[in-house]
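Enquirer: Let me give you the structure first, and then I'll get to my questions.
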Amino acid sequence: MKQHFANLIDEEEAQIDMTPMLDVVFIMLIFFIVTASFVKEAGIDVNRPEAATAVQKDRANILVAISDTGEIWINKRQVDARAVQANIERLYAENPQGSVVIQADKKATTETLIKVMDAARAAGVFDVSIAAQEE
């Protein structure tokens, strides 16, 4: 009888508990999902001007597009010029390390570009760049 109980105890001790490993895997998955920075698209394709000094900008999370007709697009939707500041404030609150990149079409007016830049600075974002293509 003692032999029988000894065999049962050995079998129970030989099993591996997978619960702690699964907990660690799920915690790592949640960590990577939360810390990943998501790129938000402006919503339209813009024919950007060329520049010899164009450089790649990392961490550009707030993209604002200005079409050739003066339409302003943020987050895949058209935005009125008066609502640009509020939209940038909301996106900047979601990601304070991000910067604003304005993708202005070659034929967009300077007036619209200046309005968007002023709205970004009024929203508290001073890292504002204008997108260009390398020559």
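Enquirer: Return the distance in nm (one decimal) between the two label points of a simple spin-label model at MET18 and PHE126, each offset 7 Å from Cα along Cα→Cβ.
Expert: The modelled label-to-label distance comes out at 5.4 nm.
Enquirer: Let me ask you something else. What ranking, highest mean first, results for peptides 79-87, 102-110 when packing means the other Cβ atoms within 10 Å averaged over each residue?
Expert: 102-110, 79-87
Enquirer: Would you kindly state how much longer the chain becomes between ILE27 and LYS76 on full extension, computed as 0.36 nm times their sequence separation minus their alpha carbon distance, in nm to one decimal?
Expert: Using 0.36 nm per residue and subtracting the Cα-Cα distance, I get 14.4 nm.
Enquirer: Test of understanding: what is the full-extension gain from THR110 to GLN133, defined as 0.36 nm times their sequence separation minus their Cα-Cα distance? Don't jump to the answer; show the numbers that get you there.
Expert: On the way: separation 23, 0.36 × 23 = 8.28 nm, distance 1.80 nm.
Taking 0.36 nm per residue and subtracting the Cα distance, the gain is 6.5 nm.
A short reminder: the numbers here are calculations on the coordinates, not readings from a lab. Bear in mind that the values here come from a model prediction, so they are computed numbers and not experimental data. A quick note on method: Cβ atoms are made from the backbone with ideal geometry, for glycine too, and the neighbour counts reach across all protein chains shown.
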